[in-house]
Amino acid sequence: MSIAAVSSFVIWFISATIRMATPLVLATIGETFAERAGILNLGIEGTMLMGALTGFLVTYFTKSLWLGVLMAAVVGLLFGLLMAFFAVTLGVNQHVSGLGITIFATGLAYYTYRAVIGSPTVPPSIKAFSTLKIPLLWKIPVLGPIFFNQYALTYIAFLLVPLSSYVIFKTTFGLSLRAVGENPESADAVGINVYKIRYISMIIAGTLMGVAGSFFTLCEFNMFLYNIVGGRGWVAIALVIFANWMPWKVLGGALFFGGIDVLGLRLQSSAIKIPYQIYLMLPYLFTIIVLILVARNASYPAALLKPYRRE
Amino acid sequence: MISLPKFKLEKRETPPFWFQVLMPLLAVVIALAISAIFLAIIGKNPFLAFYNMFMGALGNKFAITETLVKATPLILTGVAVAIAFKAKYWNIGAEGQLYAGALAATWLGIMHLPLPAVIYIPLEIAVGFIAGALWSLIAGYLKAKMQVDDVVTTLLMNFIMIYIVQAILNGPWRNPKTMYPSSVPIAKNANFPKIIPNSRVHAGILLSILAIFFMYFLIRKTKLGFEIKATGANPKAAHFLGINTVKTIIIVSIISGGIAGLAGVGEVCGVHYHLISGISPGYGYSGIVIAMLGGLNTIGVLLAALYFAVVINGAQIMSVNMHIPIFISDVIQGITLLVMLAMLLFFEYRIRRVK
C-alpha cells in the first residue's frame, strides 16, 4: 500500500469511528444522568428504538430532519418520564420496570412502523443528514476531514461531554443530582427535593436516548430497519460502568466501541473468508471483557436501584 | 411533586391470598384495556380484535393444540427466569440459552447417529440442557465470583449466541437445498414423538410439565430451594446463616440456563426438525414477563405461560384476519409486565388515609 492510501485509510477510519461513536456517546451520557440520580434505566434500548422510529416517521412525512430529531427527543423524554413514574413515584423494581419499558417500546416501534408504512418489499427511505463542514477548519489537512466534516448530531454529542461534566460536577443541580444518587435521605434532610431531581435526571436521560436513536435513521441509515439499534443501548449500560459514571471517560469508551464497529463493518466487506456475524458479535464480546476488567473497581452510586420513600 | 398528599403507604404484614389470585387477573384485564387504545388508534375495533385473538387461540381443537405448542417453550423459559429471579440472578439471557440448547440439539441431531429413539431423544435433552447451562454459567460465574453485572452480560450474550447460530447456519451447516439459511434435517430417531394425533403438540410439553414439578419441589422442599430464596431475599443475611451465596448463584445459573436450553431442544426436535435463525420469536424475553406475571410462583408461572401462549398464538390469527401488525403481541406483553409491576406496589403496601 502506498503512503497516500494508508493515510487516507487512517483518516477514514478515525472519522468513521467518531461517527459511529455518536449514538453511544448520547445514550451513555443520558444513562449516566439517570444512574447518577440512583436509577438504572434498562428502558434505554427500547427508548432508542422509539427515537429511531419517531425520527424516521416525522422526517418521512414532513421532510424536515430537525423536526425528526426534535420529536425523537420528545418521545425519548416521554419514555424517560414513564421510567421515572415506575422507579421514582411507584418505587418498584428498576430492573424489571426497565425491561418492561424496553419490551413495550420495542413492540410499539415495530407495531407503529407496520401500521403506518406496512411491509413493502423496498422499505421507504428519506434524504438523510449530510455532514456539516465547519467553514475553514475542514480544510486543515488530516484534522479537517477527521474532526470538522461530521454530522451536526456528532458535534452536539461530543460537545455534550464537557457540558455534562460541568453540569454534574460544577453546578448546584449536579451537586443535588449526586446527592440523591448517593444518599437520598441526607439530600432530603438538607432540603433537596429527591423526587424532583430524579424526575429531571430521567427527563434528561430519556431525551438523550431518543436523540441517540434518531441518529440511526437520520444519519447512519436513511430508513428504519428491523433491529436497527441492535443492542447499542445495552452497550451503553456497560459503558457507564466502564466510564465509572464520569462523562469524560464515556468519550474513551464510546470511541473504542465505535472503532470496533467500524472495524467490523470494514472486515465484513473485505475478502477475508470469515462469516460476517463474527465481526458483528465483536462489540458485545468486548463489552463483556471490559466489564470483567473494570468490575472490581466500579464505584456504583450508592443509592442505585434503591427507591426512596419519604416517611 | 408525586407523593400522595392525603394518603400514606403502609407495608403489609402478610398479603392476603385472594390478592395473589386477583392481582394478576386484574393486571391482565387492565393491560388489555390499555392495549385496546393502540388498536383503536390504527382504526381497528379492539373488541373484534380480542375476539379474534381468543377465538384464534382457543376457538377449536386445532387452535388449542397450536396454543399448547407455543406454551411448551414459554413454560420452560418462564420457569428458567423465575428460578433465576428468586435468587436475584438477573437472567435476561433465556433467549440466548434457548438458542444454545437448540444449537446443541441440532449438532447432535444432524450427526444422524445409528441410535434408537429411546436413547437419541434423552441424549438430545441432555446436550441441550448442558449447552444452555454452560452459556448461562458464564454470566453466573462472572456475577458470583467477580461481581460483573449479570443483567448486561446475560443480555449481551443473547446477541453473541444468535450471531453464532447465524454464522454456523450461513457456513458449515448451511442446507444447500433451502432458500433461507437452515440446517439439514435432524435424524428421524431424534424427533420428539407427537402426543396428540393430527396436531403439532409434541413430547416437549412433558418436559415443560416436569419443569413445573421440578420448580415446585426445588423451591418448596429442598435445602437448595431455601438457600435460593435466602440468597435472593438478602445475600448478606444468607451469608450470615452460613449459606454459600456464591455457590448458590452458580448452581442457579446452571439450572436456569439448562431449563431455558430445553426450550431450544423442543423447538428443534419437536417443531422444526432443523435449525433456523428465527427459531424463537423472543420466547426468552417472554419468559421474563411470564415469571413476573406469575409472581415467581410455580402455579403462577404455569398459568401466565398458558395465557401468553394464547396471546402469541391468537395474535397471529388476529393479525391475519384483521391486518393488525403482529407486534401487538409484544405491546401486550410489555404493558402487562408494567401493569403487573405497578400492582405489586399494592401487594406489598396498603394505602392508608392520613388524617
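Suppose we keep just the alpha-carbon trace of segment A:1-148; what are its Rg and Dmax in angstrom?
19.4, 63
With a cut-off of 13 Å, note down the residues of segment B:79-120 whose backbone N falls inside the zone around a label point 7 Å from the Cα of A:LEU225 toward its beta carbon.
none
Between segment A:135-181 and segment B:163-212, how far is it from one alpha carbon centroid to the other, in angstrom?
50 Å
Calculate the spin-label point distance for B:GLN20 paired with B:ILE42, positioning each point 7 Å from the Cα along the beta-carbon direction, and give it in nanometres.
Roughly 3.8 nm, to one decimal.
If amide H atoms are built 1.01 Å from N in the plane of the peptide, which residues on other chains or at least 5 residues away come under 5 Å of the amide H of B:SER182?
B:ASN175
In vacuum, with every alpha carbon of segment A:108-173 counted as one equal point scatterer, what does the Debye formula give for log10 I(q)/I(0) at q = 0.17, 0.25, 0.26 Å⁻¹? Two decimals, please.
Values returned for q = 0.17, 0.25, 0.26 Å⁻¹ are -0.79, -1.01, -1.05.
B:LEU210 label point, 7 Å along Cα→Cβ, cut-off 14 Å on backbone N: hits in segment B:76-113?
B:76
When the helix-only estimate is applied to the protein assembly as shown (DSSP H runs of n ≥ 4, each -39,500 (n - 2.57), divided by the residue count), what is the mean residue ellipticity at 222 nm, nearest 500 deg cm²/dmol?
-23500 deg cm²/dmol
Please give the length that would be gained between A:TRP248 and A:LEU285 if that part of the chain were fully extended, namely 0.36 nm times their separation in residues minus their C-alpha to C-alpha distance (nm, one decimal).
Gain on extension, A:TRP248 to A:LEU285, equals 11.0 nm.
Do any trypsin sites (Lys or Arg not before Pro) in segment A:2-88 lie in a DSSP loop with no more than 11 other beta carbon atoms within 10 Å, and if so, which?
Loop-located and lightly packed - A:LYS63.
Check the straight Cα-Cα distances from B:LYS194 and name the lysines below 30 Å, setting aside those fewer than 8 residues away within the same chain.
Straight-line reach from B:LYS194, under 30 Å: B:LYS61, B:LYS70, B:LYS177.
Step through the residues of segment B:115-120 one at a time and calculate ³J(HN,Hα) from phi using the Karplus curve (6.51 cos²θ - 1.76 cosθ + 1.60, θ = phi - 60°), rounding each to whole Hz and writing x for Gly and Pro.
10, x, 4, 5, 9, 4
Using 0.36 nm per residue of separation minus the Cα-Cα distance, give me the extension gain between A:PHE61 and A:ILE140 in nm, one decimal.
24.6 nm
Taking R0 as 35 Å, what's the FRET efficiency between A:THR121 and A:ALA152 from their Cβ-Cβ distance, rounded to 0.05?
0.60
From the P(r) of chain B, can you give the percent of Cα pairs sitting at distances over 25 Å?
56 percent
Compute the Rg/Rh shape ratio of segment B:37-169: radius of gyration over Kirkwood radius, all on alpha-carbon atoms.
Ratio value, two decimals: 1.10.
Give the residues of segment A:27-71 whose amide nitrogen is closer than 16 Å to a point set 7 Å from the Cα of A:SER186 in the direction of its Cβ.
A:37-38
I need the phi-derived Karplus couplings for segment A:277-294: 6.51 cos²θ - 1.76 cosθ + 1.60, θ = phi - 60°, integer Hz, Gly and Pro marked x.
With coefficients 6.51, -1.76 and 1.60, one gets 4, 4, 6, 5, 7, 3, x, 5, 4, 5, 4, 5, 4, 4, 4, 4, 5, 9 Hz.
Please list, or write none, the lysines whose alpha carbon is within less than 22 Å of the alpha carbon of B:LYS88, excluding same-chain residues fewer than 8 places away.
Correct list for B:LYS88: A:LYS306, B:LYS11, B:LYS143, B:LYS145, B:LYS221, B:LYS223, B:LYS229, B:LYS236, B:LYS247.
In whole Å, how far is the Cα centre of segment A:262-302 from that of segment A:19-77?
Cα centroid to Cα centroid, the span is 22 Å.
Dividing the alpha-carbon radius of gyration of the protein assembly as shown by 2.2 N^0.38 Å (N being the number of residues), what value is obtained?
Against the compact-globule rule of thumb, the ratio is 0.96.
For segment B:106-114, just list the computed ³J(HN,Hα) in residue order, Karplus coefficients 6.51, -1.76 and 1.60, θ = phi - 60°, integers in Hz, with x standing in for Gly and Pro.
My calculation for segment B:106-114 gives 5, 3, 6, x, 7, 6, 6, 5, x Hz in order.
Taking the Cα centre of the protein assembly as shown as origin and charging only Cβ (+1 Lys, Arg; -1 Asp, Glu), how large is the dipole, in debye to the nearest 20?
660 debye
We did not get these values from a lab; they are worked out from the coordinates using the rules stated. The structure presented is a predicted model; accordingly, all values stated were derived computationally and were not measured. Glycine gets a Cβ as well: all are built from the backbone with ideal geometry, and neighbour counts include every protein chain shown.
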